[in-house]
Every structure is written in structure tokens, then in C-alpha cells.
1. Can you tell which of G31, G21, G12, G84 is small (G, A, S), in contact with a helix residue (DSSP H, G or I) (Cβ under 8 Å, 6 or more places away or on another chain) and touching a residue at least 12 places away in the same chain (Cβ under 8 Å)?
2. On the given criteria, is D228 open to solvent by less than 50 Å² (accessible area, probe 1.4 Å) and among the charged types (D, E, K, R)?
3. Would you say E282 is over 23 Å from Y191 (Cβ atoms) and modelled with pLDDT under 95?
4. Out of all the residues in segment 227-236, is one or more in contact with a Leu (Cβ under 9 Å, 6 or more places away or on another chain) and among the charged types (D, E, K, R)?
5. Determine whether segment 145-157 contains at least one residue that is charged (D, E, K, R), open to solvent by 60 Å² or more (accessible area, probe 1.4 Å) and in contact (Cβ under 8 Å) with a residue 40 or more places away in the chain.
6. Kindly indicate the residue of segment 1-10 that is surrounded by 10 or more Cβ atoms within 10 Å (Cβ to Cβ) and under 14 Å from A79 (Cα atoms) and also modelled with the lowest pLDDT among those meeting that condition.
7. Condition first: over 23 Å from the mean Cα position of the chain (by Cα) and at pLDDT 90 or above. Can you find one or more residues in segment 97-108 that meet it?
Amino acid sequence: MEELATKLLAEGIQKKVVSPGKGDLSTFPDGTKVIFHYRSSLCDGTVLDDSRTMGGRSKPMELILGKKFKLAVWERVIATMREGEVADFTCDVKHTALYPLVSQSLRNISAGKDPLEGQRHCCGIAQIHSHHSLGHCDLDKLQANPQPLVFTLELMEVLTPGSFRLDTWAMTDDEKLEVVPQIHVEGNALYKKGDVKEAAEKYHNAIACLKNLQMKERPGDEGWIKLDLMITPLMLNYCQCQLIQGQYYEVLDHCSSIISKYEDNVKAYFKRAKAHAAVWNETEARADFAKVVELDSSLGPSVAKELRAMEERIRSKEKEEKGRYKSLFSYDSNAPATATTG
């Protein structure tokens, strides 16, 4: 341990163990997945980020070592930790110059935004030397005045290569193609169990894999079309989950996109019709239901059932509105007049 500490000091990193870990120190080969909580602070104790509170939820960081994470010092110091260990690492400026950009991405992720938002038109080094705002006052100050930082890390888990499924962003193109059918099956199983939200997430992840690959193809080319034919059934499954969860306008968008490419996709028409009906677009719903029957007459009974349900909802809504307007404009003729003064 003393030898490790000496090496770190020579690199401009000072380590202080807060709580020792357990077991032997891992060799941390490339491809190892590490899961850890982090707190980033200025040397005066001012906290910049804390994974236990960021975004209102306690979500640890996950890294695949060897994938060239922008903040290389985290990979370096984690390689000195045991599972369960908590340690403070005070790092020189040469290790922390890119932290404002990393922090911006982490904050975007915690807020459900694109992690690269604000970084698309300017490379990292250029941003550090420019007056580009990161959208956070504390990060702008740190960007303008780089300084040493203290990273408090708690190493939760170490997973050896091959013992876990890679996050899609860390997969090769071949790995993405290989994993999509498996994710599809997992989504179907979750849907059958009634875990609609989790199933939707699975379908969404599989779609993201394929969309990433499709971006590398020319629209309309054979490779692009092949991937699109794989995306379409996943998108329809995703839309089914979103219908159940009441995300009707999202369903309208996705199904319309499918229909624009595949005019005979009866499932897309059916789901779009149900979404139209749910948001009171009666004319559009009837047109889509009619198209469903035109494309597949065997679905006539199902369409008739949906139409009856829509008509019943419309009658119920009209009755409710009539009652509301009636009470709004009615008055009691026997009620005494009341004088008011201002």
C-alpha cells in the first residue's frame, strides 16, 4: 500500500483511506466494470457533485475500464482500491482540467438530458480555453480557474470482463447486433408479466442499439433497410407499452413515422387509431380503424369493439359537458335578490 501511495504522489495524487475495503486488490484488466459512488469537491470543502444526491436519486457511477473515459484519473485511482473501500483522492490540476465538461455530462444524465448537450460544437480542450458557458455557474468558475479537486470514491462492486452485459454505448457493432434479439425476448417476458414500464425500457434500449448502427448507413441502402426492418417490430412493441402508460402523442409520432415508410403496416394503423381515439381525434381514429379493416378484414371484430368503446366515451363526455353547462347557466327563480356593495 505504501508503494501505491508513493506512486500516486509522484503523479500528483494524494490518497487518504477513509474506510478500508475487503479482500485482495483486483488486477483491474481492461473491460472490468467498476460501480462506485463519488463526491467531487474543491479543496476548501465546497461540494460540486455527489452521486448519492444528484438528480434527486442515489445512482452510482458505472465505468468500463480501458474505454478511455474523459476523466482518466478516476480509472487510475480506482485501480488502487479494494471493493468496499472509501477513499479521498486530492488530484493536481493536470488531472482535473476536464472535470467541468465531465460534470456537465453527469448532470445532464441525472436530469434525463443528452449527456453531450452543450458540447457538440466545441471540442473539450477548446472549451477549457474559451468563454463557452457550461450552463452552471460553479462549473463556469472552475473552467475559468482550474484548480486541484478532491474526489471521494466508494468502490461498490468490481465485475470482471465477461461476467456482465456491456452497456450498449460500450459495445462493438457486432455485439450490438448480437444482443438485440436477447433484449427483445427479455422485453416480451416483462410485458407478459405486466411489468410494462420495464418492458418499454428494454425495447427502447434495443431500438437505441439499432438506431446507432443505422446512423452509419446511407438512408435507403440495403443495410439501412435491414436495420429498419429490425427496428419496426421493436418500435411497435414500445408503442404498445406507451399506449398502456397513456403516452398517446408519443405513440402518434412513432406510428406515423412507421406508416410513412410502410403503408401496409396494419399494427401501426391499429395503435395509431387507438391513440387518436384516446385524445378525442374521432375523425382520424375512424380513418385509421377503416384502414385496419381494409388491410386485414379478420380484425373487423376487434375494430368494431374499439369503435364501440370510443363512441361510448364520446357519449359519456358529451353528457358530462351538457350537465356542466346546464348547472353553469341555471339559476333558482325563487331565490331572493341580493344587493352587493363595493
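The values are calculated or read from the model by the stated rules, or taken from the named source; none is laboratory data. Computed from a predicted structure; not experimentally measured. Glycine also receives a Cβ, built like all others from the backbone with ideal geometry; neighbour counts cover every protein chain displayed. The accessibility values were calculated without ligands, DNA or RNA, using every heavy atom of the protein model including side chains. Shrake-Rupley method; radii C 1.70, N 1.55, O 1.52, S 1.80 Å.
1. Of the residues listed, the single one that is small (G, A, S), in contact with a helix residue (DSSP H, G or I) (Cβ under 8 Å, 6 or more places away or on another chain) and touching a residue at least 12 places away in the same chain (Cβ under 8 Å) is G12.
2. Against the criterion (open to solvent by less than 50 Å² (accessible area, probe 1.4 Å) and among the charged types (D, E, K, R)), D228 qualifies.
3. no
4. yes
5. Within segment 145-157, one or more residues are charged (D, E, K, R), open to solvent by 60 Å² or more (accessible area, probe 1.4 Å) and in contact (Cβ under 8 Å) with a residue 40 or more places away in the chain.
6. Here the residue is M1.
7. Looking for residues that are over 23 Å from the mean Cα position of the chain (by Cα) and at pLDDT 90 or above, one finds at least one in segment 97-108, hence yes.
This table checks each residue for (1) touching a helix residue (DSSP H, G or I) at 6+ places or on another chain (Cβ under 7 Å); (2) under 20 Å from K67 (Cα atoms); (3) modelled with pLDDT of 90 or more.
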{"position": "D174", "(1), (2), (3)": "no, yes, no"}
{"position": "H184", "(1), (2), (3)": "yes, no, yes"}
{"position": "G187", "(1), (2), (3)": "yes, no, yes"}
{"position": "G194", "(1), (2), (3)": "no, no, yes"}
{"position": "I225", "(1), (2), (3)": "no, no, yes"}
